[in-house]
Structure formats: C-alpha cells, structure tokens
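Shown next, in structure tokens, is the structure this report addresses.
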Amino acid sequence: LASIVDEKLPEADDPMELIPRTRLLVHDARRWIGASLDRAVSCKIPMRLCLGDVHAEHFLFEGDRLTGLIDFGALTIDSDAVDLGRYLSSICSSEPLDALLDFYAERMPFDEEMRTVAKCVARVSGVLACLNWLNWLIVRKIDFVDRRRAYARWAHVLDLAERAKRMGIGSEES
C-alpha cells in the first residue's frame with residue numbers, strides 16, 4: 001500500500017516553501033470561512049454511522065469499478081454530508097461543486113441543509129489539513145518515520161486546497 005500512495009504523492013522540492021503557501025491559503029480563507037461555518041452550524045442534518053475520514057485515496061478501483069474501501073479507523077456517528085464534503089475536498093474535480101452535489105442528490109436523499117454542510121466541509125477541510133501538517137511538521141516537529149513522505153503529503157493536500165481555491169470552492173459564491 002505504501003508504494004501505491006508514494007506514486008500519488010508529489011515531491012516537496014523545498015519543504016520550507018510549503019510554509020508561505022499555507023500562510024497565503026489561510027490568509028485568503030479568513031474572508032469566507034466564518035460565514036461558511038455560520039451557515040453550516042445552523043443546519044439540522046440526519047446523523048448515522050459514517051466513515052469519518054473519507055478521502056479519494058481510501059477508495060480502491062479496478063478501472064471504473066469500485067472494488068474496495070480502506071481505513072475504517074475514524075468510523076463514527078456523523079452525517080453523510082460531512083463524509084461527502086471530506087471526499088469532495090480530496091478529489092478537487094474540475095466539475096463545479098454544485099454539479100457534484102447534484103449528482104449525489106440524484107442517487108441519495110440529500111436536502112439543502114445537507115448541501116450547505118457538505119459545501120462547508122469541502123471548503124474548510126483543505127485549509128484545516130494544511131494547518132495540521134504545518135503544526136505537526138514545523139511547530140511540534142513530530143518525528144515521522146519517513147519525513148519525506150510527510151512533507152509530500154502536506155504538499156499534496158496544499159496542492160488540492162490551492163486548486164479548490166482557483167476553482168472557487170473556497171469562496172462565498174461556491
């Protein structure tokens with residue numbers, strides 16, 4: 001599994017260049033993050049057993065066919081909207097966020113409040129993931145077994161968050 005993950009991770013040429021990129025991402029997020037969270041916390045959404053840590057890397061495919069799902073370590077009572085938002089933040093598709101949510105809503109019960117929460121989670125997840133990696137690697141200086149892979153993971157989530165920002169996912173309009 002580690003070799004599969006390694007193939008997907010970008011190299012962090014200079015890990016220290018991740019710091020100013022993360023700082024800029026967080027600075028830009030200050031404009032919209034509070035309003036997005038305010039809208040989401042007022043929503044009443046159904047709760048049920050959810051994966052809790054849904055990312056594209058956890059879905060295993062053969063061609064276009066889903067063949068497996070890994071990492072049940074965060075299994076928890078939560079909302080489908082939260083799982084879906086986390087997943088959407090990890091794929092950062094070229095499709096507009098609303099089009100992806102429409103696709104999901106055609107197949108599963110999904111109301112406007114769930115849509116609001118999923119959009120908030122998709123917006124905020126990338127920013128929080130980048131802050132977590134900054135905290136773990138720079139502030140707390142956690143000693144990872146493979147520091148290169150840890151920096152590569154930070155670079156990967158930062159690339160996704162920056163792409164989401166360019167697509168307008170991290171904005172009031174999305």
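The values are calculated or read from the model by the stated rules, or taken from the named source; none is laboratory data. This one's a predicted model, so the numbers in the text were calculated from it and none came from an experiment. Note: ideal-geometry Cβ built from the backbone for every residue, glycine included; neighbour counts use all protein chains shown. Side chains are part of the model used for accessible areas, which takes the heavy atoms of the whole protein and leaves out ligands, DNA and RNA. Shrake-Rupley method; radii C 1.70, N 1.55, O 1.52, S 1.80 Å.
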Item to check | Label-point separation in nm, residue 166 to residue 43, each point 7 Å along Cα→Cβ | outcome: 2.7 nm
Next on the checklist: At 1.4 Å probe size, with the rest of the protein present, what percent of the exposed accessible area of the range 62-156 is carbon and sulfur atoms?
Outcome noted: 56 percent
Checklist entry - Does the range 20-100 come out rounded, prolate or oblate by the C-alpha gyration tensor, with a ≥ b ≥ c the root eigenvalues, rounded set by a/c under 1.5 and, if not, prolate when a/b is larger than b/c and oblate if not? => result oblate
Checklist entry - Taking 0.36 nm per intervening residue step and subtracting the Cα-Cα distance, what contour gain separates residue 77 from residue 91 on full extension? => result 2.7 nm
Checklist entry - Using a simple spin-label model with points 7 Å from Cα along the Cα→Cβ vector, what separation in nm is obtained for residue 64 and residue 102? => result 2.0 nm
Checklist entry - Which of rounded, prolate, oblate describes the chain, given a ≥ b ≥ c as roots of the alpha-carbon gyration tensor eigenvalues and a/c under 1.5 marking rounded, otherwise prolate only if a/b is larger than b/c? => result oblate
Next on the checklist: For the range 28-121, which GluC sites (Glu not before Pro) pass both filters: DSSP loop (anything but H, G, I, E, B) and at most 15 other C-beta atoms within 10 Å?
Outcome noted: 106
Item to check | Surface per residue (accessible, 1.4 Å probe) for the chain, Å² | outcome: 58 Å²
